[in-house]
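The values are calculated or read from the model by the stated rules, or taken from the named source; none is laboratory data. Remember, predicted model here, so these are calculated numbers, not experimental data. When we count neighbours, we look across all protein chains shown, and the Cβ atoms used for this are built from the backbone with ideal geometry, even at glycine.
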Amino acid sequence: MMKLGRWHESQGNYELAKGHYQNALDSSKESLGPKDPALAAIYNCFASLYLRQDLFDEAEAYSSNAVKVCAEAGRRVPELVTALTHLADALRKRSKFEKSLKSYEQALDACRAIHSEDSSETARCMTNLATAVQRRREFKRAEDLLKRALEIHQRLVGPKAPEYLTTLVCLGQLRFDQGKHEDGLKLIDKAARTLESLFGAAHQNVKDVKAMARNLLNKMHGLRRVIDA
């Protein structure tokens, strides 16, 4: 049921996915009980589904349920990292930035405990946290997290992997926000060109990164016009 639900979710068939997740949840509660940590995976599927639909209240509720059953298990449950990340994403979308930051920090702590410091999972958590602290203009902390994440990704998957390139885009955005406009744009352009060589110009990720680069370039030109005026 879960695999079929995930497939329907990936195809945009959200109501069908929801039905399969609900069947899995009902069946698991009946066979395992309402507090079994295995339920966290199903709650996380619901949270992912609702995040895709911009239903952030529902996403927060289901990810909170996942965090709760993981905590009650009293041991390291891998689903805890996903649950905390989904919760942080939902809170951020609802402009609850301080609570979101705390959840991203908890996700990174959990990831280090469950997967180790030098795992791809930990690097992704570092990137998520970096974007949150960047919002608070804690640029040095954000930069340290992103550089560490890039080191891990480069060693484990290489500089052409999507995980590495996503983090590179985040570092480019950080550089731009620090006032290092040209450096930031160069990093984002490098990521866009590499992604295009891998997936083609029509891929949505390529379009998104190129659109970001154009928007930042226009912003830079606008700032220069203000300065020159």
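Please indicate, with yes or no, whether at least one residue in segment 148-156 is without any contact (Cβ under 8 Å) to a residue 24 or more places away in the chain, part of a helix (DSSP H, G or I) and within 22 Å of LYS102 (Cα to Cα).
The answer is no, given that none of the residues of segment 148-156 is without any contact (Cβ under 8 Å) to a residue 24 or more places away in the chain, part of a helix (DSSP H, G or I) and within 22 Å of LYS102 (Cα to Cα).
Could we say that GLU60 is of a type in the set (D, E, K, R) and in contact with a Cys (Cβ under 8 Å, 6 or more places away or on another chain) here?
no
Checking ARG136 against (1) out of contact with any Leu (no Cβ under 9 Å at 6 or more places or on another chain); (2) outside the structural domain of PRO37 (by TED's automatic domain parsing); (3) over 17 Å from THR167 (Cα atoms): exactly one of these is not met. Which one?
Answer for ARG136: the failing condition is (1).
Would you please list the contacts, defined by Cβ atoms under 8 Å and residues six or more apart or on different chains, that run from a residue in segment 1-25 that is surrounded by 15 or more Cβ atoms within 10 Å (Cβ to Cβ) to a residue that is charged (D, E, K, R)?
Here the result reads GLY5/LYS18; GLU9/ARG52; TYR14/ARG52; ALA17/ARG6; ALA17/GLU9, each pair linking segment 1-25 to a residue that is charged (D, E, K, R).
Here is a list: ASP26, ASP36. Which entry is part of a loop (DSSP other than H, G, I, E, B) and more than 27 Å from ASN128 (Cα to Cα)?
ASP36
If the requirement is being part of a helix (DSSP H, G or I) and at pLDDT below 90, which of these qualifies: LEU195, LEU223, LEU216, LEU187?
LEU223
In the set LEU187, LEU145, LEU195, which member is within 20 Å of the chain's Cα centre (by Cα), in contact (Cβ under 8 Å) with a residue 12 or more places away in the chain and closer than 27 Å to ARG112 by Cα? I'd like the intermediate steps shown before the answer.
Numbers: LEU187 fails: closer than 27 Å to ARG112 by Cα; LEU195 fails: closer than 27 Å to ARG112 by Cα.
Result: LEU145 is the single residue among LEU187, LEU145, LEU195 that is within 20 Å of the chain's Cα centre (by Cα), in contact (Cβ under 8 Å) with a residue 12 or more places away in the chain and closer than 27 Å to ARG112 by Cα.
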